[in-house]
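Remarks on the structure that follows.
The values are calculated or read from the model by the stated rules, or taken from the named source; none is laboratory data. Note that the structure is predicted; figures quoted are calculated from it, not measured. With ideal geometry, Cβ positions are generated from the backbone for all residues, glycine too; neighbour counts draw on all protein chains shown. Remember, those area values only see protein heavy atoms, side chains included, never the ligands or the DNA or RNA. Shrake-Rupley method; radii C 1.70, N 1.55, O 1.52, S 1.80 Å.
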Amino acid sequence: MREEIRNLEKLSRPLDPGPEDRLEVRSKVIDYCERFLNNIPNPHDVALNESKGLLDSPIEEGDAKIDKLILLLEKNVHSSGLNPASAGHLGYIPGGGLYSAALGDYLAAVFNRYAGLHSTGPGAVVMENMLIRWMAQMVGYPENAAGNLTTGGSLAHLIAIVTARDAKVISGTEVSRSVVYVSEHGHHSIDKALRIAGLGTIHVRRIPVDERYRMRVDELEEQIELDYKRGFNPFLAVASAGTTNVGAVDPLEKIGAICRKNQLWYHVDAAYGGFFLLTAAGREKLRGMELSDSVIMDPHKGLFLPYGLGVVLVKDQEGLKESFYHEKASYLQDDKADPTEPSPADLSPELTKHFRGLRLWLPLKLHGVAPFRASLEEKLLLAEYFYNQIKQCGFEVSSEPPDLSVVTYRYVPTDMANDLAAQNKFNEDLNEAVVNDGRIFISSTRLNGKFTLRFACLSFRTHLDTIDELIKILNDKVAELLKKQ
Ligand SMILES: *Cc1c(COP(=O)(O)O)cnc(C)c1O
């Protein structure tokens with residue numbers, strides 16, 4: 001038996017490489033990363049789109065050389081689809097990918113500290129709680145707030161909505177009597193979270209927006225009143241602190257006051273816009289967020305982190321505990337909770353979890369907050385600059401001026417002034433022409449039946465030169481399309 005065990009030990013040895021093997025793999029991976037970072041490809045280069053090639057290399061018993069695997073990645077993963085690392089990614093909500101955050105992930109993975117429970121990973125838990133407190137303070141929440149670092153905004157929504165559901169005791173027959181209020185432009189992840197939370201049959205009132213795509217508070221108030229009169233149970237209102245579609249900020253203070261008056265749970269979706277709180281202009285625009293009972297923000301958007309980090313904050317931590325604390329299995333009987341440092345496992349659906357805090361802590365400590373603040377302020381100004389420039393170039397701008405860093409716009413040729421279908425076709429063609437050009441990626445949306453182009457600026461790599469380039473591309477493509485007619 002000992003011999004058999006020894007033999008298996010030998011066969012499993014590659015899982016624990018020595019310093020030389022580590023050096024070889026590591027340096028090749030690092031070289032590959034450096035090649036990428038020193039010459040970041042266009043945001044939308046589909047020339048090499050052949051991700052199916054991965055399937056020609058199935059998972060096998062035998063090993064493979066790292067060079068071959070890097071080649072596989074290069075051809076099938078890193079050359080297909082969108083490249084969120086590009087400064088020219090100005091569509092959807094641009095991706096980030098701070099290098100220092102990648103190193104934080106590396107450290108988290110190599111040391112692999114258990115971040116679910118304070119008793120086993122006190123350093124990890126203290127760090128994550130410290131980051132949560134930093135963000136709670138940014139929002140204006142009291143000391144008693146708590147939260148959780150999630151994989152993203154959608155999971156953060158789910159945690160907030162479950163907390164709200166339990167705090168307001170929405171269960172059984174109460175569900176189909178209860179009402180949620182969200183603007184027409186509220187993110188679809190809210191509806192998804194409601195359904196997953198067992199609230200699929202709840203009434204969702206889509207509150208109309210004003211001409212700047214912000215929730216109309218008069219309509220909200222009227223609807224709540226009407227619902228009370230009809231015997232419904234108004235329960236939750238969700239405001240957007242920056243919609244994904246057009247970047248609109250709902251009247252957060254007024255909605256907060258309405259929620260308080262009517263005893264609704266007030267949840268704010270700040271997944272996209274939340275970190276503009278770091279700027280003076282953003283703080284002004286996001287005033288009222290502190291009135292909420294819960295809020296979500298996405299560091300993998302507003303703090304430029306690689307994908308995989310959202311945060312949910314709940315004003316009263318008792319609510320989170322109420323929903324997520326669970327008696328532990330007997331094999332965890334030695335876990336001694338520290339009342340001052342709650343464990344993520346007691347405030348979220350997870351037990352074993354990635355030590356997500358390190359990918360946020362390292363960049364914040366290494367660079368300090370100042371460059372984040374500056375970059376976010378730069379993004380607000382770039383959006384305003386873009387808005388001013390394209391207006392001068394004859395584009396029609398949907399919302400003026402932009403609330404945050406999203407601008408929606410379209411070009412209306414004079415001879416199409418009365419023909420919406422032709423206008424839409426023109427802008428569809430314009431969108432396609434810009435995207436196919438490859439240098440800059442933009443996206444589109446539909447507003448009141450109008451095909452509209454979207455400019456969303458949130459990458460730490462996007463600067464003035466990129467915006468000037470986009471303006472030039474837009475003008476060139478408009479001229480080309482007009483000539484073709
Ligand atoms: C991105 C986004 C979400 C969803 O967050 P994920 O991190 O993609 O899960 C929710 N709300 C808004 C406003 C968003 O921009």
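Some observations on this one:
- Under 15 Å, Cβ to Cβ, from ALA329 - net charge with Lys/Arg +1 and Asp/Glu -1: -4
- Radius 10 Å from Cβ of VAL268, net charge of other residues (Lys, Arg +1; Asp, Glu -1): -4
- Carbon-plus-sulfur accessible fraction, the range 400-472 (probe radius 1.4 Å, protein heavy atoms only): 47%.
- The C-alpha radius of gyration of the range 443-485, expressed as a fraction of 2.2 N^0.38 Å, stands at 1.43.
- Think of the chain as having a plus end and a minus end, set by charges on the Cβ of Lys, Arg, Asp and Glu; of SER323, ALA108, LEU291, LEU291 sits farthest toward the positive end of this dipole.
- Extension gain (nm, one decimal) between SER176 and GLN137, 0.36 nm per residue minus Cα-Cα: 10.4 nm
- Nearest-20 debye value, the range 1-139 charge dipole, Cβ charges on Lys, Arg, Asp, Glu: 400 debye
- Partner aspartates and glutamates whose Cα lies under 13 Å from the Cα of LYS52, excluding those fewer than 8 positions away in the same chain, are identified as GLU74.
- In the chain, taking the dipole from charged Cβ atoms about the Cα centre, the farthest positive-side position among PHE455, LEU23, ALA281 is held by ALA281.
- Size-normalised alpha-carbon gyration radius of the range 1-121, reference 2.2 N^0.38 Å: 1.39
- Summing Cβ point charges (Lys, Arg +1; Asp, Glu -1) relative to the Cα centre of the chain gives a dipole of roughly 360 debye.
- When each of the peptides 424-431, 323-330, 359-366 is scored by the mean number of other C-beta atoms lying within 10 Å of its residues, the order from highest to lowest reads 359-366, 424-431, 323-330.
- For the range 233-291, the direction-averaged projected area of the alpha-carbon convex hull comes to 3.9 nm².
- For the range 122-146 and the range 188-219, distance of Cα centres in Å: 28 Å
- Per residue accessible area of the chain, 1.4 Å probe, in Å²: 49 Å²
- Treating each Cα of the range 162-242 as an identical point scatterer and summing with the Debye formula, the log10 of I(q)/I(0) at q = 0.12 Å⁻¹ comes to -0.33.
- When DSSP beta bridges are restricted to pairs lying wholly in the range 265-364, around 50% turn out antiparallel.
- Taking a Cβ cut-off of under 12 Å around GLU469, the surrounding Lys, Arg, Asp and Glu residues balance to a net charge of -2, with basic ones at +1 and acidic ones at -1.
- Efficiency of FRET between LYS68 and MET130 - r from beta-carbon atoms, R0 41 angstrom, step 0.05: 0.45
- Dividing the C-alpha radius of gyration of the range 198-336 by 2.2 N^0.38 Å, with N its residue count, gives 1.22.
- Geometric extent, Cα atoms of the range 294-425 - Rg, Dmax (angstrom): 23.5, 76
- The ellipsoid that matches the Cα gyration tensor of the chain has semi-axes, each √(5λ) in whole angstrom, of 39, 35, 20, with the longest given first.
- Extension gain (nm, one decimal) between LYS425 and ALA329, 0.36 nm per residue minus Cα-Cα: 28.5 nm
- For the range 327-356 versus the range 366-430, the gap between their alpha-carbon centres in whole angstrom: 46 Å
- Long pairs among LYS391/LYS477; LYS391/LYS483; LYS285/LYS391; LYS261/LYS301; LYS450/LYS472; LYS450/LYS483, criterion Cα-Cα beyond 26 Å: LYS261/LYS301
- For the range 1-59, the dipole from Cβ point charges (+1 on Lys and Arg, -1 on Asp and Glu) about the Cα centre works out to 120 debye, to the nearest 20.
- Distance from the C-alpha centroid of the range 439-461 to that of the range 57-111: 25 Å, rounded to the whole angstrom.
- Debye intensity ratio in log₁₀ form over the Cα atoms of the range 46-97, taken at each q of 0.13, 0.22, 0.32 Å⁻¹: -0.42, -0.85, -1.20
- Spread of Cα-to-Cα distances over 10 Å intervals beginning at zero, given as percent, for the range 94-197: 11, 31, 35, 18, 5, 0
- Kirkwood hydrodynamic radius (C-alpha pairs) into Stokes-Einstein, the range 335-374, 20 °C and 1.002 mPa s, D in µm²/s: 171 µm²/s
- Computed in the context of the full set of protein chains, the accessible area of the range 179-297 at 1.4 Å probe radius has 47% of its extent on carbon or sulfur.
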